[in-house]
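Let me begin by handing over the structure; questions about it come next.
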Amino acid sequence: MSRDARPLDWSRPAGADEVRAALADLRAGDLPTHGGRTLSYVYDSGIASADEIGREALTAFAATNGLDPTAFPSLAAMESDLVGLARELLDGPDTTVGVATSGGTESLVLAVLAAREGNPHVAHPQVVAPETVHAAVHKAGHLLGVEVVTVPVDPRTLRPDPDDMAAAVTDSTVLLLASAPSYAHGVLDPVEEIAAVAAERGIRCHVDACIGGWVLPFLDDVPPWTFAVDGVTSISVDLHKYAYTPKGISLLVHRNPALRRGHFYACADWPGYTVLNTTLQSTKSGGHLAAAWAVVHAIGRDGYRDLATRARTATLEVAAAVDGIDGLRVVVAPDSTLLALATDERCDVFTIADEMASRGWLLQPQMFFAGHPPTLHLSLCAATAAHVPELVPALTEATAEAVRRGPVRVDPQLASAAAALDPAGLDDAALDGLLAIAGLAGDGGAVEVPERMAEVNALLDIAPPPLREALLTAVLDRLAR
Ligand SMILES: *Cc1c(COP(=O)(O)O)cnc(C)c1O
């Protein structure tokens, strides 16, 4: 976050150049979105002309409104076309339908909503998912009053046993989930087996391919995970990830229209226009959709095959190189373009993340969870491929430096105090105190995110997940006061 953005004086209109300069100042504090050195949050195809046509379309359609497809038929046409392309990639039958949403989270919320609405006789609906399922599924459960039942994964393969998934199914289960691949570890769940459990019990099965859906169809030797698998009823695919389109678009694709009906919404119960929504949003810009449509066509099928192959090759190269880095290891062989790296006891991933950041590389720390060690997450994109020869020595140096420094040690007294805290009982003052202990206190009750995050991360790492949630929510709250 840039703290010294030039404030504009709102009491008079600002000139265009003044606004441009202020915007440039604001952007200067952000992570780089291009160049292939930011290995989460952003996806760079490295194709400048595709980015450009995407930005043009975004601008040209920014003011259009997806609220009413009959008023803006262009948007309906582009949405249909994108769903049609997804149908091809996902081996969808003729009956396949879908919608464009604002992102992976919305796609998953709608998949859970459709499953809930499709089972009106179930009083307390549940979904069953591997514990590695994306947090967006927990958010869906939270928003929709649906219980998320998680099944442990094998610590070696990071995949659930389909028998455990079957055993977790009850009469209240309305949906089974599988990831293709999981975000945290980059592995494909056993989709065929999970979908078979679902089909046998007459339950829906959603494949969360938010991150893999525009990559895996272009790779060879991938186990079946699409609509080609009997029992798979819906699939989510984010375009704003590996389709390299501007942010704000994902697709939720269903095997047939009946499966989609539950997330449509109509309301004539007020004096205004009849609200008809296919997604959570009502008024929505057509810009993201037009941008995605433009980029997807500008890159084309062969283009995506090339981009997916390059990202996959880079992933395998980095994985092979990590095998030769003392202190670091790949947690599980990657199925797609994501890597999870862990350390031995001589160093920690949080120090490596800081060391990499100081070398211009952004790797995402992932905390200890349910017996799984903390890791570094890397989403490798096509633009990173050319920079693997710089990434590997940086990672080697960063790990050597982390070994030299040794792992961050959290005061054992602090650790046991943290474990004993009841996050629900923490008031604002207590949270301020904890943020100060964590090293996040700035001036006058504000939070200040330090340059080096290893100490903060190590502390969060030993905190139980509910305390982590409470602390980070407090940070968010104080950042935005
Ligand atoms: C990114 C991701 C999501 C959430 O998508 P958003 O676009 O961030 O809302 C869900 N599932 C998986 C597997 C993801 O990688």
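Looking at (1) out of contact with any helix residue (DSSP H, G or I) (no Cβ under 8 Å at 6 or more places or on another chain); (2) outside the structural domain of G231 (by TED's automatic domain parsing); (3) outside any loop (DSSP other than H, G, I, E, B), find the lone condition where R12 falls short.
R12 satisfies every listed condition except (3).
Conditions: (1) part of a helix (DSSP H, G or I); (2) under 30 Å from Y304 (Cα atoms). P365 meets all but one. Number of the miss?
(1)
Filter the range 68-84 for residues that are crowded, with 17+ Cβ neighbours inside 10 Å and part of a helix (DSSP H, G or I) and give the result.
Selection gives L75, M78, E79, L82, V83.
While we're on this one: Within the range 121-135, take every residue that is farther than 17 Å from V197 by Cβ and surrounded by fewer than 21 Cβ atoms within 10 Å (Cβ to Cβ) and give me the one that is nearest to the ligand (Cβ to nearest atom).
Per the criteria, the residue is A135.
Determine whether V207 is buried (at least 24 other Cβ atoms within 10 Å of the Cβ) and not polar (S, T, N, Q). First the steps, then the outcome.
Details: buried (at least 24 other Cβ atoms within 10 Å of the Cβ): yes; not polar (S, T, N, Q): yes.
So V207 passes the test.
Continuing with the same structure: Which pairs do you get when a residue that is closer than 23 Å to G371 by Cα, found in the range 130-153, comes within reach of a residue that is open to solvent by 70 Å² or more (accessible area, probe 1.4 Å) and away from the ligand (no atom under 14 Å from the Cβ), reach meaning Cβ atoms under 6 angstrom, with the pair 6+ apart or on two chains?
Note: pairs meeting the criteria are E131/P152; V151/D164.
Being open to solvent by less than 50 Å² (accessible area, probe 1.4 Å), under 23 Å from W225 (Cβ atoms) and assigned to a strand (DSSP E or B): is that true of L378 here?
Working: open to solvent by less than 50 Å² (accessible area, probe 1.4 Å): yes; under 23 Å from W225 (Cβ atoms): yes; assigned to a strand (DSSP E or B): yes.
Against the criterion (open to solvent by less than 50 Å² (accessible area, probe 1.4 Å), under 23 Å from W225 (Cβ atoms) and assigned to a strand (DSSP E or B)), L378 qualifies.
Further question: Tally up the residues in the range 226-246 that are within 20 Å of the chain's Cα centre (by Cα) and either more than 16 Å from the ligand (Cβ to nearest atom) or aliphatic (A, V, I, L, M) (or both), please. I'd like the intermediate steps shown before the answer.
First, the residues of the range 226-246 that are within 20 Å of the chain's Cα centre (by Cα): 226, 234-246.
Keeping just the survivors that are either more than 16 Å from the ligand (Cβ to nearest atom) or aliphatic (A, V, I, L, M) (or both) gives 235, 237, 239, 243.
Residues meeting the conditions: 4.
In the range 152-186, what count of residues is obtained for those that are away from the ligand (no atom under 16 Å from the Cβ) and over 21 Å from L113 (Cα atoms)?
Restricting attention to the range 152-186, the residues satisfying the condition of being away from the ligand (no atom under 16 Å from the Cβ) are 152, 154-157, 161-174.
Those left that are additionally over 21 Å from L113 (Cα atoms): 152, 154-157, 161-164, 166-167.
Total meeting the criteria: 11.
For the range 280-326, which residues satisfy the criterion of being assigned to a loop (DSSP other than H, G, I, E, B) and open to solvent by less than 10 Å² (accessible area, probe 1.4 Å)?
Our first condition is that a residue be assigned to a loop (DSSP other than H, G, I, E, B); within the range 280-326, this holds for 280-284, 286, 324-326.
The answer is G286, and nothing else.
If you don't mind, another one. What residue, among those in the range 86-119 that are of a type in the set (D, E) and touching a Ser or Thr at 6+ places or on another chain (Cβ under 8 Å), is nearest to W225 (Cα to Cα)?
First pass over the range 86-119, keeping only residues of a type in the set (D, E): 88, 91, 94, 106, 117.
If we keep only those that are touching a Ser or Thr at 6+ places or on another chain (Cβ under 8 Å) as well, we get 91, 106.
On the way: D91: 10, E106: 21 Å.
Taking the candidates together, the pick is D91.
Kindly provide the set of residues from the range 198-212 that are aliphatic (A, V, I, L, M) and either within 16 Å of the ligand (Cβ to nearest atom) or modelled with pLDDT under 95 (or both), ordered by number.
At the first step, the residues of the range 198-212 found to be aliphatic (A, V, I, L, M) are 198-199, 203, 207, 209, 211.
Correct list: V207, A209, I211.
Now, a different point. Can you name the residue in the range 96-120 that is in contact with a helix residue (DSSP H, G or I) (Cβ under 7 Å, 6 or more places away or on another chain) and in a loop (DSSP other than H, G, I, E, B) and is also least open to solvent (accessible area, probe 1.4 Å) among such residues?
T96
So, A314, is that one touching a residue at least 12 places away in the same chain (Cβ under 8 Å) and either more than 25 Å from the chain's Cα centre (by Cα) or over 22 Å from L108 (Cα atoms) (or both) or not? It would help to see each step written out before you state the result.
Working: touching a residue at least 12 places away in the same chain (Cβ under 8 Å): yes; either more than 25 Å from the chain's Cα centre (by Cα) or over 22 Å from L108 (Cα atoms) (or both): yes.
Yes, satisfied.
Take the residues in the range 413-431 that are without any contact (Cβ under 8 Å) to a residue 24 or more places away in the chain and closer than 13 Å to P465 by Cα; name whichever of them is nearest to the chain's Cα centre (by Cα).
D422
Follow-up question, since we're still on this one. Of the conditions (1) touching a Pro at 6+ places or on another chain (Cβ under 9 Å); (2) touching a residue at least 24 places away in the same chain (Cβ under 8 Å); (3) under 30 Å from S282 (Cβ atoms), A76 clears all except one; give me its number.
(2)
Spot the failing condition for G371; the list is (1) at negative phi; (2) open to solvent by 30 Å² or more (accessible area, probe 1.4 Å); (3) touching a residue at least 60 places away in the same chain (Cβ under 8 Å); (4) out of contact with any His (no Cβ under 7 Å at 6 or more places or on another chain), and only one is missed.
(1)
Would you check which residues across the range 436-481 are over 26 Å from the mean Cα position of the chain (by Cα), in a helix (DSSP H, G or I) and not β-branched (V, I, T) and list them?
Of everything in the range 436-481, those that are over 26 Å from the mean Cα position of the chain (by Cα), in a helix (DSSP H, G or I) and not β-branched (V, I, T) turn out to be A436, D443, G444, G445.
Taking the criterion of being surrounded by 21 or more Cβ atoms within 10 Å (Cβ to Cβ) and assigned to a helix (DSSP H, G or I), would at least one residue in the range 246-254 satisfy it?
No, because not a single residue in the range 246-254 is surrounded by 21 or more Cβ atoms within 10 Å (Cβ to Cβ) and assigned to a helix (DSSP H, G or I).
While we're on this one: Here's a check for you: in the range 221-234, which residue that is modelled with pLDDT of 95 or more and closer than 16 Å to P334 by Cβ is most open to solvent (accessible area, probe 1.4 Å)?
P223
So which of A415, A340 ends up being within 16 Å of I462 (Cα to Cα) and either open to solvent by 10 Å² or more (accessible area, probe 1.4 Å) or not in a helix (DSSP H, G or I) (or both)?
Working: A340 fails: within 16 Å of I462 (Cα to Cα).
One residue alone meets the criteria, A415.
Mind counting the residues in the range 215-225 that are within 15 Å of the ligand (Cβ to nearest atom) and in a loop (DSSP other than H, G, I, E, B)? Quick ask: steps written out before the conclusion?
Residues of the range 215-225 within 15 Å of the ligand (Cβ to nearest atom): 215-216, 225.
Cutting the leftovers down to in a loop (DSSP other than H, G, I, E, B) gives us 215, 225.
Within the range 215-225, residues that are within 15 Å of the ligand (Cβ to nearest atom) and in a loop (DSSP other than H, G, I, E, B) number 2.
Under 8 Å by Cβ, and 6 or more places apart or on different chains, what pairs join a residue from the range 155-183 that is under 9 Å from P130 (Cα atoms) and open to solvent by 10 Å² or more (accessible area, probe 1.4 Å) with one that is assigned to a loop (DSSP other than H, G, I, E, B) and not charged (D, E, K, R)?
The qualifying pairs are R159/V187; R159/L188; R159/P190.
The values are calculated or read from the model by the stated rules, or taken from the named source; none is laboratory data. These figures come from a predicted structure and were not determined experimentally. Using ideal geometry, Cβ is built from the backbone for each residue, glycine included, and neighbour counts are taken over all protein chains shown. Accessible surface areas use protein heavy atoms only, side chains included; no ligands, DNA or RNA. Shrake-Rupley method; radii C 1.70, N 1.55, O 1.52, S 1.80 Å.
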